[in-house]
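I have placed the structure first, in the form of structure tokens, so that the comments after it can refer back to it.
The values are calculated or read from the model by the stated rules, or taken from the named source; none is laboratory data. Bear in mind the structure is a predicted one, so any value in this text is a computation, not a measurement. Cβ atoms come from the backbone with ideal geometry, glycine included; neighbour counts cover every protein chain shown. To get the accessible areas, we keep the full protein, side chains included, count just its heavy atoms, and leave off ligands, DNA and RNA. Shrake-Rupley method; radii C 1.70, N 1.55, O 1.52, S 1.80 Å.
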Amino acid sequence: MKKLLCAAGLGLALAVSVGAQAADKIAVVNVSSIFQQLPQRATVAKQLENEFKGRTTELQSQERDLQTKMQRLQRDGSTMKASDRSRMEKDIISQREAFSSKAKAFEQDNHRRQMEERNKLLSRIQDAVKKVADDDGYDMVIDAKAVAYAANAKDITADVLKQVK
């Protein structure tokens, strides 16, 4: 009798804990899909393009100038005086190093700004997910890419997309 009472108590506790877990409302959201569909993405891309347009033009101009000098050295190098050819080679090397350092700095700045703007958009998406989850009473929202299978989870991607727009 004691064993039966203990088993019944254990069964009741297990049933209560399973019932409590089943009461959790879980939703899934596809964050990357929302990010791809954001109209603000195009605006940010245009803004960044305008922000870096001057530096891009300057780098392109330097690259063209460097290529022109290299072609002239290849074409006329054999007929030039040794001192002129040496001076031109040093100039090209110096210009190539300056170009490389400017191009590297440009790439780093451009990447940093893209990441800043990307993080701002992802923060807006995160805020929208939180609002939709709070409004609809979800206890947990999981990114759809992190879930292999979810039978009872509702996909709130469209709701979050509406919220972000």
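For the chain, the Cα-based Rg and Dmax, in that order, read 30.9, 112 Å.
Amide H contacts of VAL28: ILE142, LYS154, ASP155, ILE156, each under 5 Å away and 5 or more positions distant or on a separate chain (H built 1.01 Å from N in the peptide plane; Pro and chain starts excluded). Rounded to the nearest 20, the size of the Cβ-charge dipole of the stretch 119-165 about its Cα centre is 300 debye, with Lys and Arg at +1 and Asp and Glu at -1.
In debye, nearest 20: dipole of the stretch 79-165 around its Cα centre with unit charges on the Cβ of K, R (+) and D, E (-)? Display every interim value, and only then the final one.
Values: 18 positive and 16 negative charges, 135 e Å.
Its charge dipole is roughly 640 debye.
Farthest toward the positive end of the dipole of the chain, out of ALA153, GLN71, SER86, is the Cα of SER86, where the dipole comes from beta carbon charges about the Cα centre. Measuring nothing but protein heavy atoms, the accessible surface of the stretch 40-83 at 1.4 Å probe radius is 49 percent carbon and sulfur.
Please compute the per residue accessible area over the chain with all protein chains in place, 1.4 Å probe, rounded to a whole number of Å². Intermediate values should be presented prior to the final figure.
Working: 11930 Å² over 165 residues.
Heavy-atom SASA per residue in the chain reads 72 Å².
Only Lys, Arg, Asp and Glu carry charge here, each on its Cβ (+1 for the first two, -1 for the last two); on that basis the chain has a dipole of about 420 debye about its Cα centre.
The mean of 1/r over all pairs of different alpha-carbon atoms in the stretch 60-108, once inverted, gives a Kirkwood hydrodynamic radius of 11.5 Å. For the stretch 76-163, a Kirkwood radius taken over Cα pairs fed into Stokes-Einstein (4 °C, viscosity 1.567 mPa s) yields D = 71 µm²/s.
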